[in-house]
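What follows is a set of notes on a single structure, which appears directly below.
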Amino acid sequence: MAAGKHVAVLMGGWSSERPVSLASGKACADGLEAAGYQVTRVDVGRDVADVLANLKPDVVFNALHGPFGEDGCVQGILEVLGIPYTHSGVMASALAMNKEKAKAVAAAAGVPVAEHRIVGRDAVSKSHVLPPPYVVKPIAEGSSFGVIIVAKDQPCPPQSLDGEGWGFGDDVMVEHYVAGRELTCAVMGTEALGVTEILPTGPGFYDYDAKYVAGGSRHIVPAPLKDFVYQNIRKLALEAHRAIGCRGISRSDFRFDEDGTGELVWLEVNTQPGMTPTSLVPELAAHAGIGFSELMTWMVEDASCRR
């Protein structure tokens with residue numbers, strides 16, 4: 001399969017997730033080379049269409065993260081160029097990147113989601129728009145950029161939303177905070193893989209550092225859950241993947257208030273999960289007996305247009 005196939009690995013870009021994308025892209029490119037593919041590493045700029053038109057790869061492996069890379073934009077360019085690519089297509093990528101719309105589609109498919117409101121950030125900085133505790137998050141960012149948790153006893157809303165340093169849009173999602181366990185489940189094609197429990201090693205939540213800094217979190221694979229809960233999470237991850245129209249690999253995140261209300265909610269689906277040395281999907285694939293190069297090979301051979 002790999003013999004003679006030329007794969008361009010897109011990485012970098014200009015979103016706030018550029019460092020993560022560079023790390024993912026390097027790992028993926030190394031894995032593809034180990035599997036026998038001819039690999040060109042492309043640090044993506046705004047001339048990416050011209051670069052790819054000149055390279056003429058057989059397949060594009062999309063290792064970009066954040067706006068432009070996983071919101072349908074670069075997927076549209078690849079459709080115009082007619083180059084098969086990995087992960088989700090234009091519509092699913094755009095939908096999954098918008099947390100409000102993705103939650104609406106998932107909820108319509110029977111996937112439980114947390115109560116939320118979309119509010120202007122200036123209003124959120126002036127008064128509590130939901131009873132604390134709640135979470136404030138950008139509508140279309142990844143890697144926990146801009147996420148703020150407002151504690152139950154916090155007397156005032158997050159003032160930082162009103163500052164000039166906020167760069168994540170004028171509207172935000174204010175979401176009911178679900179206490180408990182942080183869980184994630186990957187989907188590969190038409191099959192849900194296992195469930196991982198994520199335990200941040202620091203005092204905070206599963207933020208950027210917990211995700212990407214070595215030692216920032218502990219991953220328990222498989223998550224120690226009652227079997228019916230474990231299988232339900234796998235079922236819900238697959239239902240969200242299908243409802244949103246994802247292709248290839250996706251990863252859904254959940255919160256489970258096991259010791260309180262028993263509430264289990266789906267938070268979001270990531271259509272371009274990280275592939276760094278600390279990333280969750282390669283761990284879940286390994287637990288299912290799929291090595292990293294084998295995972296990369298599957299994704300390249302699954303690539304297509306009109307996804």
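Just so you know, all these numbers are worked out from the coordinates, no wet-lab data involved. Please read all numbers here as calculations on a predicted model, not as lab measurements. As a convention, Cβ positions derive from the backbone with ideal geometry for all residues, glycine included, and neighbour counts pool all protein chains shown.
What lysines could a cross-link reach from Lys56, if we take a straight Cα to Cα line under 26 Å and drop same-chain neighbours fewer than 8 places away? Filter leaves Lys5, Lys26.
Placing a label point 7 Å from the Cα of Asp50 along the Cα-to-Cβ line, no residue of region 1-40 has its backbone N under 11 Å from it. Database remark: amide H of Val113 closer than 5 angstrom to the amide H of Trp266 (H placed geometrically; neighbours at sequence offset of 5 or more, or on other chains; Pro and chain starts carry no H). The H on the amide N of Leu193, modeled in the peptide plane, is under 5 Å from the matching H of Ala186, Val187, Met188, each at least 5 residues off or on a different chain.
Remark on Phe61: its backbone amide H falls under 5 Å from those of Ala8, Val9, Leu10, a criterion applied only to residues 5 or more positions apart or on other chains, H modelled at 1.01 Å from N. Rounded to whole numbers, the Karplus 3J(HN,Hα) couplings from phi for region 84-93 are x, 9, 8, 6, 7, x, 4, 5, 5, 5 Hz, using 6.51 cos²θ - 1.76 cosθ + 1.60 with θ = phi - 60°, and x at Gly and Pro. The slack in the chain from His6 to Lys101, taken as 0.36 nm per residue of separation less the alpha-carbon distance, amounts to 30.6 nm. Backbone phi angles across region 148-156, fed through the Karplus curve with coefficients 6.51, -1.76 and 1.60 (θ = phi - 60°), yield HN-Hα couplings of 10, 9, 9, 6, 4, 9, 6, x, 10 Hz in residue order; Gly and Pro are listed as x.
Within the set of other residues whose C-beta is less than 14 Å from the C-beta of Pro112, count the net charge using Lys and Arg as +1 and Asp and Glu as -1.
-4
Return the FRET efficiency for the residue pair Leu199, Glu263: r is the Cβ-Cβ distance, R0 is 25 Å, and the value is rounded to the nearest 0.05. According to the calculation, E is roughly 0.85. Run the reach check for Lys126 against aspartates and glutamates, Cα to Cα strictly under 19 Å, same-chain hits fewer than 8 apart removed. What comes back? By straight Cα distance, Lys126 reaches Asp153, Asp162, Glu164, Asp170, Asp171, Glu175. The helix-based estimate of mean residue ellipticity at 222 nm for the chain, built from -39,500 (n - 2.57) per DSSP H run of four or more residues and divided by its residue count, is -9500 deg cm²/dmol to the nearest 500.
Sequence-distant contacts, meaning Cα pairs under 8 Å at least 6 residues apart, place the relative contact order of region 53-113 at 30 percent. Bridging of Lys226 to lysines at a Cα separation below 21 Å is possible for Lys235, once same-chain residues fewer than 8 apart are set aside.
A Förster radius of 22 Å combined with the Cβ-Cβ distance from Arg218 to Ile149 puts the calculated FRET efficiency at roughly 0.65.
Tally Lys/Arg at +1 and Asp/Glu at -1 over every other residue whose Cβ is under 13 Å from the Cβ of Ser252; what's the total? Charge balance in the 13 Å sphere: +3. Using θ = phi - 60° in the Karplus curve 6.51 cos²θ - 1.76 cosθ + 1.60, the 3J(HN,Hα) couplings for region 243-254 round to 4, 7, x, 5, 10, x, 9, 9, 9, 9, 10, 9 Hz; x is entered for Gly and Pro. Cα centroid separation, region 229-260 to region 262-307: 13 Å.
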